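First up is the structure itself, then whatever we jot down about it.
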Amino acid sequence: DLGELLSIFIINRYSKFSVGQLINRNSAYDQSVVTSGKEALAHIVKLMVFETLPLLLQIVCIIVSLLFIATSLGLVIFFSALLFLFLVVAMDHFLKEGAEVNSTLRHARNKNFTEIIRNMKLITTNNRIDKSLDDYRECNLKFKTHSKKYWTKFINWSTMRDLTLGAILVSIFVIGIFYTDYSISAKITAFILAERVLRGMRRLNDYYKDM
């Protein structure tokens, strides 16, 4: 069971900390990070095994088939897949730092909220509820401000990626219609397979984004 293995791994990792390290660590922050990380890792493993690998194998088989049915179109699809892969990697590199900062700010906000709930008795006793709310609003504002900037960049990159896919599809039709001597049936088959590859590449990008 994946959940059991992850839980055992986390417990073993925590058991290696010294008593002093455990005392100095923030339990609310750790709980937020561990819970998010555990759920994300389980999701990634399932996504890899049941979605990504079968789809990747399907794309490879279709490209190989295209190389036999219509070699020139197959080569266009092959190099288009490489271009798409480059865009995905470039997008990941460009957005990686922003995603890490976004994650850190989200965990900080969750930590602040958890601490307020956990220490509510002490906060109300000392009449610190307004100060606690102000602190939470400040954490949430930092997260929302950075999140808006990050997702704006993400949308811009995604738009460029989608436009690239559209340009690839148009180029395939132009090459297939005007610059090849294949039969009509071969061209139609190649177009159908090419569209499946592009659709599969888009799904792969969505899976990669989730991971």
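The values are calculated or read from the model by the stated rules, or taken from the named source; none is laboratory data. The structure displayed is predicted, hence computed values, not measured ones. When we count neighbours, we look across all protein chains shown, and the Cβ atoms used for this are built from the backbone with ideal geometry, even at glycine. Just the protein is used for accessible areas: all its heavy atoms, side chains included, with ligands, DNA and RNA removed. Shrake-Rupley method; radii C 1.70, N 1.55, O 1.52, S 1.80 Å.
A Stokes-Einstein calculation at 4 °C with viscosity 1.567 mPa s, built on the Kirkwood radius of segment 58-211 over Cα pairs, returns a diffusion coefficient of 68 µm²/s. If the chain linking Thr125 and Glu138 were pulled fully straight, counting 0.36 nm for each residue of separation and taking away their Cα-Cα distance, it would gain 2.4 nm.
A 1.4 Å probe, protein heavy atoms only, puts the accessible area of Glu97 near 130 Å². Taking a sphere under 13 Å around the Cβ of Thr189 and counting the other residues whose Cβ falls inside, with K and R at +1 and D and E at -1, yields a net charge of +1.
Here segment 105-165 and segment 52-88 have alpha carbon centers that stand 41 Å from each other. Between Ser147 and Ser65, the distance separating the two model label sites (each 7 Å from Cα on the Cα→Cβ line) works out to 4.2 nm. Evaluated at q = 0.20 Å⁻¹, a Debye calculation over the C-alpha positions of segment 123-203 (equal weights, vacuum) places log10 I(q)/I(0) at -0.92.
What order do Val45, Val88 take when sorted by accessible area (1.4 Å probe), most exposed first? Present the calculation step by step, with values, prior to reporting the outcome.
Values: Val45 55, Val88 15 Å².
Largest to smallest exposure gives the sequence Val45, Val88.
From largest to smallest, the equivalent ellipsoid semi-axes obtained for segment 74-124 from the alpha-carbon gyration tensor read 47, 9, 4 Å. Between Leu55 and Arg203, the simple spin-label model (points 7 angstrom out along Cα→Cβ) gives 0.6 nm.
For segment 57-211, which whole percent of the accessible surface, found with a 1.4 angstrom probe, sits on carbon and sulfur atoms?
Ligands and nucleic acids excluded, carbon and sulfur give 64 percent.
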